[in-house]
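A short worksheet on the structure shown next.
The values are calculated or read from the model by the stated rules, or taken from the named source; none is laboratory data. Here the structure is a predicted model, which is why all the values come from computation and not from measurement. Note that we place each Cβ from the backbone using ideal geometry, even for glycine, and neighbour counts take in every protein chain shown.
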């Protein structure tokens, strides 16, 4: 007999006890997520939405004034005193309605330049350094990074506001002083000093040409020397600031005058502990200044409720300035304070709070049990945290801020993962973090879900529902793959499988080494995870693979600038193997010289600009008395080689292999002519669109290149489960990943690959002529490292995911795959389940990372035309979520073009 | 899968009506370069006064060589229909199954997939061996021998029942319904078959949506021991495809049935003691 | 008495370089707009006896320990400066 409906449903695991004419089962009804934050949060969010990125002179003023006073002091003490003065003199600003407070600078989106890192770029307007800076290449990056014209950016000066770095506004009254301060750092900044010594590296001239022609984007040592790491809140939470000072004082007595077997830096421990004390005293002054301001506001206030909140805030700040927190809200304020303090110490992007759901859980659990707080109040605080984190701006050169970060600061929170014993680490607080991500959808903190088969199903489904709100998060990262990578990369520094479980995402998707620490609260012990490694995404920044291919094809000469970047190879490249080999030669030359010059920059940084506050947070600095510069961190093998444009390169090699070397439809010279002629199209810059779909033909092109261009576009492409193209990716990864081990960082460890494009695929595409895959001059590369080039993955998402997993992802610190999904494809509860099935399957196949952008491309086009109506539209760029209006035009165009799946 | 024994006047997948590969014209991509006009050996392509291409389908529908395709560099001409060997198709199934949830499987659809019965039989057997759940969407309009042979390897069957009146059925689809009803009944009554059958009625306003026809269909379904009917409201999403293959669609202006009407039909079915699902809102 | 702009008072919380919140009325106000009478001036270098200089935007802090005396600028907020001496 034919099967009954009941048995069919039972087989499928659908509990449906239907009656004839009954209702559709409840499991099918959509779960509505309310998307409104609490009223208090909405008010503060409204203020944020209206606020411009504003720079202040305060911190650099006091830092410089104090630093210049101590020119013969031990470097670490000199820096500590400068930091103490700067923290102690930061003006507090508190807004009514805030529960969590303290900010980088006295504005909602405040930040400040750090001329001790690099003074050149904001001096540019008035100074003779400008020409010098130009020659050093960084200014040409700036030209290729266009900011989105909207949101809180200040791209142009107006009124009494001067635009600096194309993003920040600064009061005219402060500019002359800023320029004066900057001059004091001339010849002394990390940038200037580093440059003085990097010139001694053989091949330095090539490095300059590499930077000037955007083969590589950004120097490493003075742009964002720290970040892309997981902070560790353990010591302040466990000991309080007074407790840390006590530890430092005791340790000083133990180490003073002793080398303890280390003749090189053993003696330095004394100065390091002394520096720690100075900096903590500065941070305490800063907290107490906020407490005083809250008390002052309390006195002014007439509304009884607000008065009480100010009083509680003042008491809370006074408590945490000295003591370990006792409650959830005290602990939350403590981690916010510690976070901002770390960010103010150095130019940092991507300082990830890490697994705060697990760090704050002890306080949450005990407060809930004691009735001190409700879940609704916790959600309100989590929503406030999102306003707080989104308000964080990072001041760096325009090239870095716009071209890499799209204005984003990557304060990624990780959820899920495993606990110390290998069980699911998901707790109730993490469900609330997801809920708050939906009720107050803002770009920060972006959520990273550390996927593991052991995580509860309802937690994963909730994550899918959050994705469906269009927030762009959480992204999914694969725990077993990360653990494999961590044990391989950090095994020699003591990483084992238990420690690897503590991992979290630093920055947008950097796999960061972490550790477990025992937190004590009211007699109970909790093992909490936190960062234990140095910054990642330092070392060799973004190297453009399509650009290196262009230089390989054209005998070392850049086709945009005409400059000879590499020594000509003078080879005929008459076989595919010869092409491949020459590409690798240029690649290795590039990575080799950049490793050396960036090592020097970082070495200068560590001599005069070492992290003191960040160091004291990280295990095991307080224990061993060494800061970051003396390998005080537990894990130091964090330097990497970053690649951009992987898929554009793979597709180009596939096209060359097929058309030139196998089918011999044309010879290499003809292909090169077509590339130079841009297949008969106008340049992307002429028409101001950087998406392939929008490109226009030149009037004089007489369709000569149409056939060739069509064939190039039709040649095998990555993302279609087509072995022809995928095998080129496999070969590349099998070369690239182990090759990174051939380069050594200043800390004496070998490097590893980092394969995320962030936003560089736009800026670097902008500087690169047409490529053999049919991509036109000036248009963006394929984003991320495993996303298909827009429109070329014609066989659907399963084929794409199969292509992406041809290689072993655990060889690399990360890789990245973004998929844009049309909202209609994941309708309802069933849609969420399908999305989870897809994600789970990718993880099972060994995929490291996947994220979804759930926005209709029609909406994006409308938003580009009328940005004023879409101020709060968020999209997923490449590892992070950002307001649409704040993204550069090139990346906007690329997002619109990115293939949209209408069915999963 | 291409080819269909029926020719439903509202068909939403017109490209499935052909047994062979068909040229599809994508007006939005065409730049009127004229390459295809020059190249076509039949002189079947011309340019209209509105500056668009016109394909003389008398030639195109029987063309085997498709020279125009090779001269189009803008994606304006596409060939509908791909040829797969069982090995190739199986490889895709095996790849994709990794991404399905536990409820996933293979659905053969068309056109009428069962026309290519030898190929489908081979695929069904291979699916069984590979523990793949199988499903067909069929008109049930083929020889009972073939039908029953194939069904031994099918887990779920979605079969159309477009009208209970054979003459009406012929008017709407070009064939009577006797064979269809016989096949469904034979399958439903086969003692040792443990598949699942869902009869489906596409609801086309004014053509088959009367209470009488719905009731008669429900009576038939109940009489052969089945318990579910899936009613599918008419949609006109196939309209653009008609244009692209150079055909006229007489239902281009037809509105879908009202929600109230669909609810009413559901009640008619349910009043006869059956379960009724509307559209894709089903638990299977 | 000279009229104060909002950004020269302590009853103002700066949102950004152009505007802020009047902490008494909760209104968003322009930084350079005139504040109502009676708003408390915020300590700035230009109001400090240690500040010298005639330039619009630059001057010197006589209280600094640096040699020569370190720069200062009139507009700098001095609420946290321990050397601040109101004129």
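Odds and ends about this structure:
- Residue match in region C:69-77 (condition: in contact with a strand residue (DSSP E or B) (Cβ under 8 Å, 6 or more places away or on another chain), surrounded by fewer than 17 Cβ atoms within 10 Å (Cβ to Cβ), within 11 Å of chain A (Cβ to nearest Cβ) and within 16 Å of residue A:66 (Cα to Cα)): yes
- Hey, residue B:114 in contact with a strand residue (DSSP E or B) (Cβ under 7 Å, 6 or more places away or on another chain) and not in a loop (DSSP other than H, G, I, E, B) or not: yes
- Candidates A:739, A:773 - the one that is assigned to a loop (DSSP other than H, G, I, E, B) and modelled with pLDDT of 90 or more: A:773
- Selection within region A:703-725 - surrounded by fewer than 20 Cβ atoms within 10 Å (Cβ to Cβ) and touching a helix residue (DSSP H, G or I) at 6+ places or on another chain (Cβ under 8 Å): A:703, A:704, A:711, A:722, A:724
- Among the residues making up region B:98-111, those that are within 14 Å of chain A (Cβ to nearest Cβ) and either surrounded by fewer than 17 Cβ atoms within 10 Å (Cβ to Cβ) or not in a loop (DSSP other than H, G, I, E, B) (or both) are B:98, B:99, B:101, B:102, B:103, B:104, B:105, B:106, B:107, B:109.
- Selection status of residue C:6, buried (at least 17 other Cβ atoms within 10 Å of the Cβ), out of contact with any helix residue (DSSP H, G or I) (no Cβ under 7 Å at 6 or more places or on another chain), under 30 Å from residue A:44 (Cα atoms) and away from chain A (no Cβ under 12 Å): yes
- Condition check for residue A:252: buried (at least 16 other Cβ atoms within 10 Å of the Cβ) and free of Cβ contacts under 8 Å to residues at least 40 places away in the same chain: yes
- Residues being facing another protein chain (nearest Cβ under 9 Å) and not in a helix (DSSP H, G or I) - total across region A:825-849: 1
- Considering region B:243-262, and only residues there that are touching a residue at least 24 places away in the same chain (Cβ under 8 Å) and in a helix (DSSP H, G or I), the residue that is farthest from the chain's Cα centre (by Cα) turns out to be B:261.
- All conditions but one from (1) in contact with a strand residue (DSSP E or B) (Cβ under 7 Å, 6 or more places away or on another chain); (2) touching a residue at least 60 places away in the same chain (Cβ under 8 Å); (3) crowded, with 20+ Cβ neighbours inside 10 Å apply to residue A:162; the one that does not is (2).
- Leading residue by the ranking (farthest from the other protein chains (Cβ to nearest Cβ)) among those in region A:683-705 that are in contact (Cβ under 8 Å) with a residue 60 or more places away in the chain and outside any loop (DSSP other than H, G, I, E, B): A:685
- Subset of region B:182-220 [in a helix (DSSP H, G or I) and either within 14 Å of chain A (Cβ to nearest Cβ) or within 18 Å of the chain's Cα centre (by Cα) (or both)]: B:183, B:184, B:185, B:186, B:187, B:188, B:189, B:218
- Of all the numbered requirements in (1) modelled with pLDDT of 95 or more; (2) out of contact with any helix residue (DSSP H, G or I) (no Cβ under 9 Å at 6 or more places or on another chain), residue B:83 misses one, and that requirement is (1).
- Going through (1) modelled with pLDDT of 90 or more; (2) touching a helix residue (DSSP H, G or I) at 6+ places or on another chain (Cβ under 9 Å); (3) crowded, with 16+ Cβ neighbours inside 10 Å one by one, residue A:695 falls short only on (1).
- Those residues of region A:277-309 which are free of Cβ contacts under 8 Å to residues at least 40 places away in the same chain, within 9 Å of another protein chain (Cβ to nearest Cβ) and assigned to a helix (DSSP H, G or I), in sequence order: A:296, A:300
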